[in-house]
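**Q** Before I ask anything, here is the structure I am working with.
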Amino acid sequence: MGKVTGFKEFERKEAGYAPVEERIKHYNEFTKPLSKEEIEEQGARCMDCGVPFCHSNYGCPIGNIIPQFNDLVYNGKWEDALSTLLSTNNFPEFTGRICPAICESACILGINEKPVSIKNIELSIIEKAFEEGKIRPRAPKNRTDKTIGIVGSGPAGLAAADQLNKAGHSVTVYERDSRIGGLLRYGIPNFKLDKKNVVERRIELMRQEGITFIVNTHVGVDISAKELATKHDALILTGGATLPRDLPIENRDAKGVHFAMEFLGQNNSRIEGEKIPKDKEILATDKHVVVIGGGDTGSDCVGTSIRQNAASIMQIELLPKAPSERTEQMPWPLFPRIFKLSSSQAEGCKMDFNVLSKSFIKDDEGRVTGINCIKIKWSEKAPGVLGGFEEIAGSEFVLKADLVLLAMGFLGPEQEGVIKELELEIDARSNVLANANYATSSEGIFCAGDMRRGQSLVVWAIAEGRECARAVDAYLMQKPSQLNAINKSLCEK
């Protein structure tokens, strides 16, 4: 490394946030990036470790060559750092914003010091490249005669499309919504991931590189999945795990109880200029909001509700509050399930844990007015295991609620439509069953991302899309994929 003692000399610095009172007035991104000099200094903190766990299976799912781009940034070789980063990551501008930085949890320095600020460095590399015009359309010089259809335009579908286009194949992406991006477009709030300046910027680049995007086309409904499979030499399914976990308790039919993605997706559409019919609007304005679910989606509901000027916001979680530090059950380099206040939660909401929702309360007009709740105690032998808790007698209470948002995760992909039409085999968790080469039970049809592995992170979806593309390329060309060589050449430029 260029500065082997850097981790001793420099303290960790992270990008800051705009003050709460300012940022809650808008839906724009509010992160304040570090300067070029500060980022280069942070690159110096990367240790000359013998085994860099940051880009092992414990760290980065896409295998970013982190020590190398850290060192290059420290030495001011930003273009070389960019080539290194792009050799493994199609969309650093996405992961640099919304990834939970698994790599930092596996950083060796993080065993007894604050880890290297890898996520900030990654984002700085790609954004500096965009600002300086280094990211330009690069269409493949030669085209094969192979065509590939991709169903779903989320991170897995986009990664697969980008990779296969690099290999010279003709790629068409089909999306049922009116805009491309899937989860990136509709599930993640603008204040975390800007749609026009970040998501659309990348999609337009992909268009210019030769990828075709078709929107408002629900495969399995508007168009036959079998027809697409016949039309293309290979079909890749990347529809995500979009079936939300419901809460089938008394009065679930009350007006004002919605799935989180309905709320978040509608708000993102509204920000992009789409008019929402009055009778379809889901707004937190002047309402007492209860978010059920303590994960990232629940946190996004909190931040969005704050910006819609909710009267109050309560976020409840069935599970106990996570510990603030690693325990024996989550040793380094495993990603630790520790409690960390999100930027949205820090903006202002109440939180409660070990809460079981017993029934919704509704008025004579069928509108939700509250939730009957009770505190629970988890078994020490099986904390977090379904059925491993008991209700605490006398701990019943009522939460006032005009709007309830269900953010309890996802069960898997929607079974109606593509899966049933193509008669695909599914696994025990209802995900599409695919082998190590991402091939499904139907010849020429592949699957990647959350639709194959279940609800997961954006960075895992990108990794799946990349690997699936490699398998499809090998399948079509009947020889080992050339994508590894293409990505390596990017690194060597």
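The values are calculated or read from the model by the stated rules, or taken from the named source; none is laboratory data. Since we're looking at a predicted model, the values are computed, not measured. We place every Cβ from the backbone using ideal geometry, glycine too, and count neighbours over all the protein chains shown.
**Q** Quick check on the range 453-462. Is at least one of its residues among the aromatic types (F, W, Y), in a loop (DSSP other than H, G, I, E, B) and either more than 22 Å from T95 (Cβ to Cβ) or out of contact with any Ser or Thr (no Cβ under 8 Å at 6 or more places or on another chain) (or both)? Before the answer, list the steps.
**A** As a first pass, look at the range 453-462 and keep what is among the aromatic types (F, W, Y): 460.
If we keep only those that are in a loop (DSSP other than H, G, I, E, B) too, we end up with none.
No; the residues of the range 453-462 include none that is among the aromatic types (F, W, Y), in a loop (DSSP other than H, G, I, E, B) and either more than 22 Å from T95 (Cβ to Cβ) or out of contact with any Ser or Thr (no Cβ under 8 Å at 6 or more places or on another chain) (or both).
**Q** Examine the range 273-285 for a residue that is within 20 Å of the chain's Cα centre (by Cα), hydroxyl-bearing (S, T, Y) and at pLDDT 95 or above, and state whether such a residue exists.
**A** No: the range 273-285 contains no residue that is within 20 Å of the chain's Cα centre (by Cα), hydroxyl-bearing (S, T, Y) and at pLDDT 95 or above.
**Q** Let me ask you something else. Going by the structure shown, is G181 of a type in the set (G, A, S), without any contact (Cβ under 8 Å) to a residue 40 or more places away in the chain, farther than 23 Å from I486 by Cβ and surrounded by 19 or more Cβ atoms within 10 Å (Cβ to Cβ)?
**A** Here the answer is yes, as G181 does meet what is asked.
**Q** Could you check the range 273-285 and list, in sequence order, the residues that are among the acidic types (D, E), without any contact (Cβ under 8 Å) to a residue 60 or more places away in the chain and surrounded by 10 or more Cβ atoms within 10 Å (Cβ to Cβ)?
**A** Of the range 273-285, the ones among the acidic types (D, E) are 274, 279, 281.
Filter once more, so that each one left must be without any contact (Cβ under 8 Å) to a residue 60 or more places away in the chain: 279, 281.
Result: E281, single match.
**Q** Taking the range 79-137 on its own, how many of its residues are aromatic (F, W, Y) and more than 19 Å from the chain's Cα centre (by Cα)? Lay out the reasoning, then the answer.
**A** Step one: filter the range 79-137 for residues aromatic (F, W, Y), giving 91, 94, 130.
Cutting the leftovers down to more than 19 Å from the chain's Cα centre (by Cα) gives us 130.
Residues flagged as aromatic (F, W, Y) and more than 19 Å from the chain's Cα centre (by Cα) within the range 79-137 amount to 1.
**Q** Would the range 381-388 turn up any residue that is of a type in the set (D, E, K, R), touching a strand residue (DSSP E or B) at 6+ places or on another chain (Cβ under 8 Å), in a loop (DSSP other than H, G, I, E, B) and surrounded by fewer than 13 Cβ atoms within 10 Å (Cβ to Cβ)?
**A** Looking through the range 381-388, none of the residues is of a type in the set (D, E, K, R), touching a strand residue (DSSP E or B) at 6+ places or on another chain (Cβ under 8 Å), in a loop (DSSP other than H, G, I, E, B) and surrounded by fewer than 13 Cβ atoms within 10 Å (Cβ to Cβ).
**Q** So which residues in the range 200-255 are buried (at least 20 other Cβ atoms within 10 Å of the Cβ) and touching a Lys or Arg at 6+ places or on another chain (Cβ under 6 Å), if there are any at all?
**A** A254
**Q** Any residue at all in the range 433-443 that's part of a helix (DSSP H, G or I), over 26 Å from the mean Cα position of the chain (by Cα) and modelled with pLDDT of 95 or more?
**A** Narrowing the range 433-443 to residues part of a helix (DSSP H, G or I): none.
For the range 433-443, residues part of a helix (DSSP H, G or I), over 26 Å from the mean Cα position of the chain (by Cα) and modelled with pLDDT of 95 or more: absent.
**Q** If I filter the range 146-155 for residues that are part of a loop (DSSP other than H, G, I, E, B), in the same structural domain as I462 (by TED's automatic domain parsing), among the hydroxyl-bearing types (S, T, Y) and buried (at least 17 other Cβ atoms within 10 Å of the Cβ), do I get at least one hit?
**A** Looking for residues that are part of a loop (DSSP other than H, G, I, E, B), in the same structural domain as I462 (by TED's automatic domain parsing), among the hydroxyl-bearing types (S, T, Y) and buried (at least 17 other Cβ atoms within 10 Å of the Cβ), one finds at least one in the range 146-155, hence yes.
**Q** From the list E365, E347, E328, E380, pick out the single residue that is of a type in the set (D, E) and closer than 30 Å to F53 by Cβ.
**A** The unique qualifying residue is E328.
**Q** Report yes if G295 is in the same structural domain as G388 (by TED's automatic domain parsing) and surrounded by fewer than 23 Cβ atoms within 10 Å (Cβ to Cβ), otherwise no.
**A** yes
**Q** Continuing with this model, one more query. Return the total of residues in the range 156-177 being in contact with a strand residue (DSSP E or B) (Cβ under 9 Å, 6 or more places away or on another chain), of a type in the set (G, A, S) and either crowded, with 21+ Cβ neighbours inside 10 Å or within 16 Å of L86 (Cβ to Cβ) (or both).
**A** Total satisfying the criteria: 4.
**Q** For T230, all conditions in the list (1) assigned by TED's automatic domain parsing to the domain that holds G454; (2) among the hydroxyl-bearing types (S, T, Y); (3) touching a residue at least 40 places away in the same chain (Cβ under 8 Å) hold save one; what is the number of the exception?
**A** All conditions pass for T230, except number (3).
**Q** May I ask you to verify whether N64 is in contact with a His (Cβ under 9 Å, 6 or more places away or on another chain), outside any helix (DSSP H, G or I), closer than 28 Å to Q163 by Cα and modelled with pLDDT of 95 or more?
**A** When the stated conditions are applied, N64 passes them.
**Q** Also, quick follow-up: Restricting the search to the range 260-297, which residues are assigned to a helix (DSSP H, G or I) and either of a type in the set (V, I, T) or closer than 20 Å to V398 by Cβ (or both)?
**A** Residues of the range 260-297 assigned to a helix (DSSP H, G or I): 260-271, 278-280, 296-297.
Across the range 260-297, the qualifying residues are I271, T297.
**Q** So E14 fits all but one of (1) assigned to a helix (DSSP H, G or I); (2) closer than 23 Å to R337 by Cβ; (3) among the acidic types (D, E); what number is the exception?
**A** (1)
**Q** In addition: Could you say whether any residue in the range 34-51 is in contact (Cβ under 8 Å) with a residue 60 or more places away in the chain, among the hydroxyl-bearing types (S, T, Y) and surrounded by fewer than 20 Cβ atoms within 10 Å (Cβ to Cβ)?
**A** No, that holds for no residue.
**Q** Still on this structure, I have one more. Residues in the range 94-116: is at least one over 29 Å from R326 (Cα atoms), of a type in the set (V, I, T) and not assigned by TED's automatic domain parsing to the domain that holds L184?
**A** no
**Q** Right, something else. Residue under question is M314, and the condition is that it be aliphatic (A, V, I, L, M) and part of a strand (DSSP E or B); does it hold?
**A** yes
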